[in-house]
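In what follows, a single structure is set out as structure tokens and then discussed.
Every read-out reported here was derived from the displayed coordinates using simple, explicitly stated rules and does not represent laboratory data. Predicted model, so just to flag it, every value in this text is computed and none were measured. As a convention, Cβ positions derive from the backbone with ideal geometry for all residues, glycine included, and neighbour counts pool all protein chains shown.
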Amino acid sequence: MSWHSVIGQERVKKILQRSFTTNKISHAYLFHGPEGTGKDAAAIAFSKLLNCEHPDNGNSCNTCSNCKRISSLQHPNLQFIVSMPVGKNEKEGDDPFKNLDQKTITEYRQAIADKAENPYYRINLAKANTIKINSIREIRKSINLARAEHGKKVIVISGADKMNDSAANSLLKTLEEPTPNTVIILTTSNHDKLLPTIISRCQMVRFELLREEEVRKGLIERDKTLDEQQAILISKMANGSFQRAQELTGADLVSQREEMIDLLRNILARSPSVWMKEIEGFLGPKDRYNVVRSLMLLNLWVRDAMMLQNDNGDAIVNLDQQEPLDKFIAHFDQADLTAVINAIERAIALVEKNIYLSLVLLNLAFDIRQFIVRR
Ligand SMILES: [Zn+2]
């Protein structure tokens, strides 16, 4: 049950459980792999196991006071370090919080509460670009304090690649002199940005992209109100990152998809002078991310049409669209849908590169007409 907060990553869970049950716990771990795949979530779950009063075969009980306080990120044995803004006149050796204004401290407390509530939450404090040396120096102070009577002290450095040089060198000194009963866990999606001397002192644990199925199940388990069709679309678009999936749940993907299908119909049925206006109207209030999301939805829909064209109906994603998709391929039986998908993918790449949005969409519209209507 204790690993329930971590989606997928069965191999990682086994490695950590085995190191616990065989009592071969490293002094330092480096959890690395793509963003949003559960590295922080696993670090918190492992801290819980290391401090649980009644662990059972590599699982924490999830109900003892230690488990509860670790889950809420409120246990003295767990120190969770993230990037923070540098305070006014902050000097080396200062308490990392001392020089921050009240607003920043409130923002930090809220972010930690959000992370406790949802370990996949992305902490992103304003002006917090680095992990400060003063945060790393706190580690030594806390290690030197009398250790708790039970469990292990765990220090999680989340987004460890954000350490600046002095912070990294300070951490290196700590890693060179391991303290019994202390475990340091670094998490990062850019481990090549860490000092090789730091990496060599850690046990590497690699996290993989999540499978669509795992993302979809995780979403539905955490939000019972989430519509199944919406969960399928999100898991397709999340590219293996649960964090990204959660960020997509706020958007109404089903209506966004409808809007794209309407636009597609207009592009195919009406004259350019009409749909050029439609495109401007469509772009009106949208930012770049929004446009990318719409194009991804269109792409999934056209992909489904291609699946049906190839008699591969079992593979479709837009399950509620069977009828319009059937009509579409019957009507445009000469359509080159592979070319359409390639054109949409090119357009997504251009939008991401900051190319003028309406130009990209107009070009895409002309391509779509050419590849679908084919006359
Ligand atoms: Zn427990």
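Work out the FRET efficiency for ASP165 and ASN312 from their Cβ-Cβ distance, taking R0 = 56 Å, and round it to the nearest 0.05.
The value I calculate is 0.60.
Mind checking the full-extension length gain between PHE366 and ALA116? Use 0.36 nm per residue of separation minus the Cα-Cα distance, one decimal, nm. List each step's numbers first, then the result.
Details: separation 250, 0.36 × 250 = 90.00 nm, distance 4.86 nm.
Full-extension gain reported as 85.1 nm.
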> So how much slack lies between ARG270 and ASN354, counting 0.36 nm per residue of separation and subtracting their Cα-Cα distance, in nm?
Replying inline: 27.4 nm
> Please state the relative contact order of the chain as a whole percent: Cα pairs under 8 Å, 6+ residues apart?
Replying inline: 17
>> Which order do the peptides 324-332, 31-39 come out in when sorted by mean C-beta neighbours inside 10 angstrom, highest first?
In response: 31-39, 324-332
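Beta carbons within 10 angstrom, averaged per residue: use that to sort the peptides 338-347, 46-55, 107-116, highest first. Numbers along the way, then the final one.
Values: 338-347: 17.8, 46-55: 22.8, 107-116: 15.8.
Listed from highest to lowest mean packing, they are 46-55, 338-347, 107-116.
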> Can you give the FRET efficiency for ASN144 and ASP223, using 1/(1 + (r/R0)^6), R0 = 41 Å, r = Cβ-Cβ distance, to the nearest 0.05?
Replying inline: 0.45
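Suppose R0 equals 30 Å; then what is the FRET efficiency for LYS173 and LYS24 from their Cβ-Cβ distance, rounded to the nearest 0.05?
Numbers: r = 25 Å, r/R0 = 0.82.
Given R0 = 30 Å and the Cβ-Cβ separation, E is 0.75.
In the range 333-375, how does Rg compare with the Kirkwood Rh, expressed as the Rg/Rh ratio over alpha carbon atoms? Before the final figure, lay out the partial values.
Details: Rg = 10.8 Å, Rh = 10.5 Å.
Looking at the range 333-375, the ratio lands at 1.03.
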>> Taking the Cα of ASN190, stepping 7 Å toward and past its beta carbon, and measuring to each backbone N in the range 27-61: which are under 15 Å?
In response: 33-36
> To the nearest 10 degrees, how steep is helix 322-331 against the longest Cα principal axis of the chain, on a 0 to 90 scale?
Replying inline: 40
> Given H placed on each backbone N at 1.01 Å, which residues far from ILE185 in sequence or on other chains put an amide H within less than 5 Å of it?
Replying inline: TYR29, ILE155, VAL156, ILE157
> Expressed as a rounded percentage, what relative contact order does the range 279-375 have, with Cα pairs under 8 Å and six or more residues apart?
Replying inline: 35
> If one puts a single equal scatterer on every Cα of the chain and applies the Debye formula without solvent, what log₁₀ I(q)/I(0) results at q = 0.09, 0.14 Å⁻¹?
Replying inline: -0.64, -1.12
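For the range 2-208, what's the relative contact order in percent, using C-alpha pairs closer than 8 Å and at least 6 residues apart?
Working: 342 pairs, mean separation 66.6, N = 207.
With pairs under 8 Å counted, the relative contact order is 32 percent.
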> Could you give the radius of gyration (one decimal) and Dmax (whole number) of the Cα atoms in the range 253-373, in Å?
Replying inline: 13.6, 38
> Once the principal axes of the Cα atoms of the range 179-338 are found, what is the range along each, listed largest first in whole angstroms?
Replying inline: 72, 35, 33
